[in-house]
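Written below as structure tokens is the structure these notes are about.
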Amino acid sequence: MDITEQIPTEEQTISELLATLHDALAQYLHPDDDRQVREILEEAREQKASQSNVFHLNPMLFGLQTAQIAMEEIGLRREGVLAIILYSCQAHTRHTLEEITERFGEGVAQIIHGLDRVQGLYKKSPAVESENFRNLLISFAEDMRVILIMIADRVNLMRQIRDTDMVEEKLRVSEEASYLYAPLAHKLGLYKLKSELEDLSLKYLEHDAYYMIKDKLNATKRSRDAYIERFIRPIEEKLHEAGLKFHMKGRTKSIHSIWQKMKKQKCGFEGIYDLFAIRIIIDAPLEKEKMQCWQTFSIITDMYQPNPKRMRDWLSVPKSNGYESLHITVLGPESKWVEVQIRTERMDEVAERGLAAHWRYKGIKGDSGIDEWLSNIRSALESNDDLQMMDQFKMDLYEDEVFVFTPKGDLFKFPKGATILDFAYHIHSNVGNRCVGGRINDRLVPVREPLHSGDTVEILTSNNQKPKQDWLSIVKTSRAKSKIRLALKETQVKDGLFAKEMLERKFKNKKVEMDEATMSHLIRKLGFKETRDFYKQLADEKLDPNEVIEKYIEIRNIENGNVPQVSTRSAEEFNYENPDEQYTRLNDDVLVIDRNLKGIDYQLAKCCNPIYGDNIFGFVTVNGGIKVHRADCPNAPELRRRFGYRIVKAKWSGKGSSQYAITLRVVGNDDIGIVNNITSIISKDEKIVMRSINIDSHDGLFGGILVVQLDDTSRLEALIKKIRTVKGVKQVERL
């Protein structure tokens, strides 16, 4: 688009913004900065940089607006502002980082490089709501100004998209503003921008709630201001009489914080009594701080009745983060509760900018290393430092941690030195047990390969792989070590069970019934103290099963051939009492989960009880396991809405001999013989086992809950059709 074709108002706005930025930064700019920036903007115009983006916003104009926010509301100077302007044109110009360095200096190029790296993280489709992603973002940015620019960019975007018709995109950026950018702004002490991001997010995501609170605040503003004036006037008089130097301010809570309180307390707007707080800031020498704060406390509580349950004394014992203040809630005029915060100028400064106290006071926690680092950054900002000192704070910040992605964008944190094998066991124990290597950024690597921050990691598995003893020296996480030890132990147990089953088959083939008591006698006679050692010798082929059977027959004959008969249904009856255990052992149907991964350990969700043939999906639980749900599970919509990033594809791939417990609800007329007719249908099908039936009859109708055991959906559908044919049955449905 030629510059002459631009919308006049946009061209005028761009010129005005350039002039504003130039005037504000004149003392920081280099002699050629203005000319070179205009040349690049002109070049970008010629390369159609003014074409609107997905929100129909002119990228050049948007970049200048972001630069203005970064300068005026965050405090960035020459390098940060130039980097924003140049980055907004970068897609439409061909300047390399080397050229940027030569023309504008290394600092500008470094910020642009950091913005590129961070954008690369977003291309991995990460779960950005996680604390891990916030920390990776900070460690990946290289220059802290990159994070500050991202915050300014999102504030600008949230302001611009008020009337956009791109509803889905608007909701996405609003959610990101709420759970990524607002906490980052809070950590950096940018409280005004943090509140704006939260309020705009609420406005776009929960429109009705936002305007309900806004309208009520507007309707009550005059009376609220008048009330604050009536409340503080007598306090001011008493404090002046006491000879104290101070200033007072009343602040109304943000719309977002009011909404959060309404949800937490489960009440309406009228139920929030602390819509505002009064802050009394005393100008006191260090040695008299506590005395004057308690003096102020005494004066206020003499005038207004305090609520002892709402007293917070962080003056006598400050918080571990350095926060000092007295918070009291008193009953003011008209029997209204008012929160009063008492602190000194020094305490207020610490609370507002130092030691990260404020964000943790609000419940947003961070790692201790980040705390000190960010507080130094905030101090540097407020002293108009050029932020070159930021590099030293990054050096040791994440020396003990790495953050890596899954192919779907989920983000995990590991200790430094963790390997592919640690990652595999973090996903699931069965993935770890079958791990043969992986791909890091599409490069094939062995199980010993160490992980680095920003890597995208994919695990390769094989059904023939088994855990090895030397794996314990490869992994770094205690979680992986414990899972490997457990898997090694389970392997030994499985080998023993396999040997036992093999021996039982040979007994059966020889038509010899095995008696446990006689077998125990034989095992002791062979010199084994533990039964598992006997079966391990069989598994290792150190014992000949045929010789074992011969010796068994000898012992049985010595005992006169009187072999106690064990009920052939004992195991089945036991499993009948413990059906979950039975299904775990019998479940040999094959499931394919996510990217053609077979053999992954999973559980069938009890909320919908999926069976072979159902349309299904997998859900990764907080413990890393996978729960399989039916596609029409009643919980499916909520899972997809809230945890879409944890949904994985799943499908049935091979039919084994598995059976599943299915619950049916049958409703019908309470006719004579109807229950017998239903149970008769079930008993005639040898592939279906009746587990239980409970009947409740009332006013000529009966409701029955049937639990049957069958192997797939086709048999289930056939059963339901047969039951529906029974005379008197009105309804049959699967629960």
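Which residue out of Ala182, Ala177 is in contact with an Asp or Glu (Cβ under 7 Å, 6 or more places away or on another chain) and free of Cβ contacts under 8 Å to residues at least 40 places away in the same chain?
That would be Ala182, the only listed residue that is in contact with an Asp or Glu (Cβ under 7 Å, 6 or more places away or on another chain) and free of Cβ contacts under 8 Å to residues at least 40 places away in the same chain.
If you check Lys413 against the conditions, is it crowded, with 17+ Cβ neighbours inside 10 Å, outside any strand (DSSP E or B) and either modelled with pLDDT under 90 or of a type in the set (Val, Ile, Thr) (or both)?
Here the answer is no, as Lys413 does not meet what is asked.
What do you reckon, is Asn669 at pLDDT 80 or above, within 14 Å of Lys727 (Cβ to Cβ) and open to solvent by 30 Å² or more (accessible area, probe 1.4 Å)?
It is true that Asn669 is at pLDDT 80 or above, within 14 Å of Lys727 (Cβ to Cβ) and open to solvent by 30 Å² or more (accessible area, probe 1.4 Å).
Within the bounds of region 20-27, is there any residue that is open to solvent by less than 40 Å² (accessible area, probe 1.4 Å), outside any loop (DSSP other than H, G, I, E, B), hydrophobic (A, V, I, L, M, F, W, C) and modelled with pLDDT of 85 or more? Show your work before the answer.
Let us first name the residues in region 20-27 that are open to solvent by less than 40 Å² (accessible area, probe 1.4 Å), namely 21, 25.
Now narrow it down to the ones that are outside any loop (DSSP other than H, G, I, E, B): 21, 25.
Now restrict to residues that are hydrophobic (A, V, I, L, M, F, W, C): 21, 25.
Of the ones still in play, those that are also modelled with pLDDT of 85 or more are 21.
So far as region 20-27 goes, yes, one or more of its residues are open to solvent by less than 40 Å² (accessible area, probe 1.4 Å), outside any loop (DSSP other than H, G, I, E, B), hydrophobic (A, V, I, L, M, F, W, C) and modelled with pLDDT of 85 or more.
Tally time: how many residues in region 197-225 are open to solvent by 30 Å² or more (accessible area, probe 1.4 Å), farther than 16 Å from Phe269 by Cα and either touching an Asp or Glu at 6+ places or on another chain (Cβ under 9 Å) or not in a helix (DSSP H, G or I) (or both)?
So the answer is 1.
Between a residue in region 603-621 that is acidic (Asp, Glu) and any residue that is assigned to a loop (DSSP other than H, G, I, E, B), which pairs come within a Cβ distance under 8 Å, given they are 6 or more apart or on different chains?
From residues that are acidic (Asp, Glu), the pairs are Asp614/Ala631.
In the set Lys536, Lys542, which member is in a helix (DSSP H, G or I) and closer than 21 Å to Val493 by Cα?
Every option except Lys536 fails the conditions.
Only one of (1) surrounded by 14 or more Cβ atoms within 10 Å (Cβ to Cβ); (2) in a helix (DSSP H, G or I) fails for Val493. Which number is that?
Checking Val493 against (1) surrounded by 14 or more Cβ atoms within 10 Å (Cβ to Cβ); (2) in a helix (DSSP H, G or I), the one that fails is (1).
Would you pick out the residues in region 226-240 that are touching a residue at least 24 places away in the same chain (Cβ under 8 Å), open to solvent by less than 70 Å² (accessible area, probe 1.4 Å) and not hydroxyl-bearing (Ser, Thr, Tyr)?
Listed by number, the residues that qualify are Ile228, Phe231, Ile232, Pro234, Ile235, Leu239.
Do any residues in region 647-674 that are acidic (Asp, Glu) have Cβ atoms under 7 Å from those of residues that are open to solvent by less than 20 Å² (accessible area, probe 1.4 Å) and in a loop (DSSP other than H, G, I, E, B), where the two are at least six apart or on different chains, and which pairs are they?
Pairs that qualify, where the first residue is acidic (Asp, Glu) and the partner is open to solvent by less than 20 Å² (accessible area, probe 1.4 Å) and in a loop (DSSP other than H, G, I, E, B), are Asp671/Gly728.
Just for strands (runs of 3 or more DSSP E) wholly inside region 628-711: which have at least 3 residues that are more than 25 Å from the chain's Cα centre (by Cα) and aliphatic (A, V, I, L, M)?
660-669, 689-698, 701-710
Please go through region 496-511 and give me each residue that is within 14 Å of Ala539 (Cβ to Cβ), touching a residue at least 24 places away in the same chain (Cβ under 8 Å) and either surrounded by fewer than 13 Cβ atoms within 10 Å (Cβ to Cβ) or out of contact with any helix residue (DSSP H, G or I) (no Cβ under 6 Å at 6 or more places or on another chain) (or both), ordered by number.
Result: Leu497, Phe498, Met502.
Considering only region 186-196, I want to know if a residue exists there that is farther than 29 Å from Ile74 by Cβ and either touching a residue at least 60 places away in the same chain (Cβ under 8 Å) or in a helix (DSSP H, G or I) (or both). Write out each step before concluding.
Narrowing region 186-196 to residues farther than 29 Å from Ile74 by Cβ: none.
Scanning region 186-196, I find no residue that is farther than 29 Å from Ile74 by Cβ and either touching a residue at least 60 places away in the same chain (Cβ under 8 Å) or in a helix (DSSP H, G or I) (or both), so the answer is no.
Out of everything in region 611-627 that is part of a loop (DSSP other than H, G, I, E, B) and among the small types (Gly, Ala, Ser), what residue ends up being most open to solvent (accessible area, probe 1.4 Å)?
Restricting attention to region 611-627, the residues satisfying the condition of being part of a loop (DSSP other than H, G, I, E, B) are 611-615, 621-625.
Pick out the ones that are also among the small types (Gly, Ala, Ser) and you get 613, 624-625.
Numbers: Gly613: 43, Gly624: 11, Gly625: 20 Å².
The qualifying residue most open to solvent (accessible area, probe 1.4 Å) is Gly613.
Quick one: in region 295-315, of everything that is free of Cβ contacts under 8 Å to residues at least 24 places away in the same chain and in contact with a Leu (Cβ under 9 Å, 6 or more places away or on another chain), which residue is farthest from Thr344 (Cα to Cα)?
Result: Met311.
If you go through region 146-175, how many residues are acidic (Asp, Glu), more than 21 Å from the chain's Cα centre (by Cα) and surrounded by 13 or more Cβ atoms within 10 Å (Cβ to Cβ)?
1
Identify, by number, the condition in (1) farther than 25 Å from Glu16 by Cβ; (2) not in a helix (DSSP H, G or I) that Leu76 doesn't meet.
Condition (1) is where Leu76 drops out.
So the check is Cβ under 6 Å with 6+ separation or different chains; which pairs have a first residue in region 267-292 that's at positive phi and open to solvent by 10 Å² or more (accessible area, probe 1.4 Å) and a second one that's among the aliphatic types (A, V, I, L, M) and part of a loop (DSSP other than H, G, I, E, B)?
none
The values are calculated or read from the model by the stated rules, or taken from the named source; none is laboratory data. For clarity, every value in this text was computed on a predicted model and none was experimentally measured. Virtual Cβ from ideal backbone geometry, glycine too; neighbours counted across all protein chains shown. Heads up: the accessible areas ignore ligands, DNA and RNA and are worked out on the full protein's heavy atoms, side chains in. Shrake-Rupley method; radii C 1.70, N 1.55, O 1.52, S 1.80 Å.
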